[in-house]
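What follows is one structure encoded as structure tokens, with my remarks underneath.
The values are calculated or read from the model by the stated rules, or taken from the named source; none is laboratory data. Just so you know, these numbers come straight off a predicted model, no measurement behind them. Counting neighbours? That spans all protein chains shown, and the Cβs are built from the backbone with ideal geometry, glycine included. Side chains are part of the model used for accessible areas, which takes the heavy atoms of the whole protein and leaves out ligands, DNA and RNA. Shrake-Rupley method; radii C 1.70, N 1.55, O 1.52, S 1.80 Å.
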Amino acid sequence: MAKLRFLFFFTLMAVAANAQRAMTVAQVEAFVKSQMKLGAEKDHATADYLLKNIKLTEKLDERTVEDLQGQGVGKETIRALHKLAMDSAALPAPPPVVVVTPPPPPKPPSAAEQKEALGAIKEYALSYSASLPNYVCVQSTQRKIEPSNKYRSEKNYRGGGTGDTIQETLTFFDHKETYKVDLYNGVAVKKGHDELGGVTSSGEFGSMLSNIFEENSGAEFAWDHWATLRDHHRMYVFSYTMPKEHGYSMADREAHKEYTSAYHGLVYADHDTKAILRVTLDTEGIPADFPIHEVHIKLDYDKVKISDQDFLLPYHYLLTSTTDQANSESQADFKAYRKYGAEATITFDDAPISEDKLKEQPDTPAPAAPAPAPKK
């Protein structure tokens, strides 16, 4: 079968040689770079294809060839490019590359506006948990685990990355979260949240905000940038740093070690309401001998209706971590919200939330209102 594929490749090359393809210098560069990613074994085939199948419509100068050589293009391909440069010497030069300069970022708010906004955001964060109803929802988590190079070497590892899917019922009652595992890889199980193994996390949804903004947390805030999130919400984005004394607690069950890390992150708050729609957390300063090297969290909130009333509740959660043994990623979607104690059959769309719904966009402030028409 391998021989058939090998012969088929060169048969296609031979057929293509019957008709040369006109290409610009930019197209040749893109082709060569794409072939370079396939490895050094494609060097001869790439060179052969350039000489037999490509007809340049523009002048290829030697400087461009030298730039490609500096990027690691193979020797045979470089010889072919030199030949193309000689053959195209009389052709017109390529048009100059137009570099579009992005518009300057919007000016930060005044110091007075930043202080006022931070005060309102802090007030929102500290009252957030108390404002929530008792509720139940479905948390659907997809985990991916890729063993580290160190683990592969030490364990003579021969497998690839692994992953699993977990469906849990999350109950928020009396300002505390509890979890009940319902399905593991589609099969009903009787396990607790902390018995799942792998990377698990809990407690972020209300306590994460209060820990950052409480009076004695030691957190320091600074303006970062303007942004736009889903539904065109214009956002204040403030950075924060949290000292180790009030840091993020981690435990490695296998090594029986614990550590509390300092951390930093970003808080995204709606410009008009000061409600928080996203918060991030990145650990820092973890000792080299601790088995967990870094943890990164991004938690998104969105409007959810419970008993005909709107609340901002967890919407999507992303946790990535690096340990001695593996790099892991956990993504969770929160759906099928209902009031605690309500009798209802839980059904929900298990399709993951679209990346477009989570993507941060550059700031897009509302356009200025048009001037009134002159009176006649």
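Residue by residue through region 41-63, note down the ones that are of a type outside the set (Lys, Arg), assigned to a helix (DSSP H, G or I) and within 22 Å of Gln20 (Cα to Cα).
Across region 41-63, the qualifying residues are Asp43, His44, Ala45, Thr46, Ala47, Asp48, Tyr49, Leu50, Leu51, Asn53.
Just give me the residues in region 164-190 being open to solvent by 50 Å² or more (accessible area, probe 1.4 Å), without any contact (Cβ under 8 Å) to a residue 60 or more places away in the chain and farther than 16 Å from Lys335 by Cβ, in sequence order.
Answer for region 164-190, where residues must be open to solvent by 50 Å² or more (accessible area, probe 1.4 Å), without any contact (Cβ under 8 Å) to a residue 60 or more places away in the chain and farther than 16 Å from Lys335 by Cβ: Asp174, His175, Lys176, Thr178, Tyr184, Asn185, Gly186, Val187, Ala188, Lys190.
Got a number for residues in region 301-332 being part of a strand (DSSP E or B), free of Cβ contacts under 8 Å to residues at least 40 places away in the same chain and among the acidic types (Asp, Glu)?
Here the count works out to 1.
Which of the residues that make up region 115-151 are closer than 19 Å to Tyr184 by Cβ, open to solvent by less than 60 Å² (accessible area, probe 1.4 Å) and within 24 Å of the chain's Cα centre (by Cα)?
Result: Val138, Gln139, Ser140, Thr141, Arg143, Ile145.
Does Glu214 fit the bill of being modelled with pLDDT of 80 or more, open to solvent by 20 Å² or more (accessible area, probe 1.4 Å), charged (D, E, K, R) and under 13 Å from Pro314 (Cβ atoms)?
Against the criterion (modelled with pLDDT of 80 or more, open to solvent by 20 Å² or more (accessible area, probe 1.4 Å), charged (D, E, K, R) and under 13 Å from Pro314 (Cβ atoms)), Glu214 does not qualify.
Test Pro96 against the criterion of being more than 28 Å from the chain's Cα centre (by Cα), farther than 30 Å from Pro291 by Cα, open to solvent by less than 60 Å² (accessible area, probe 1.4 Å) and at pLDDT below 90, and give yes or no.
Criteria not met by Pro96.
Go through region 99-111 and give me each residue that's exposed (fewer than 12 other Cβ atoms within 10 Å of the Cβ) and at pLDDT below 90.
The answer is Val99, Val100, Thr101, Pro102, Pro103, Pro104, Pro105.
One line per residue, one yes/no per condition, for (1) modelled with pLDDT of 90 or more; (2) more than 30 Å from Ala222 (Cβ to Cβ):
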residue	(1), (2)
Arg21	no, yes
Ala40	no, yes
His44	no, yes
Asn53	no, yes
Lys59	yes, yes
Thr64	yes, yes
Lys75	yes, yes
Ala89	yes, yes
Glu113	yes, no
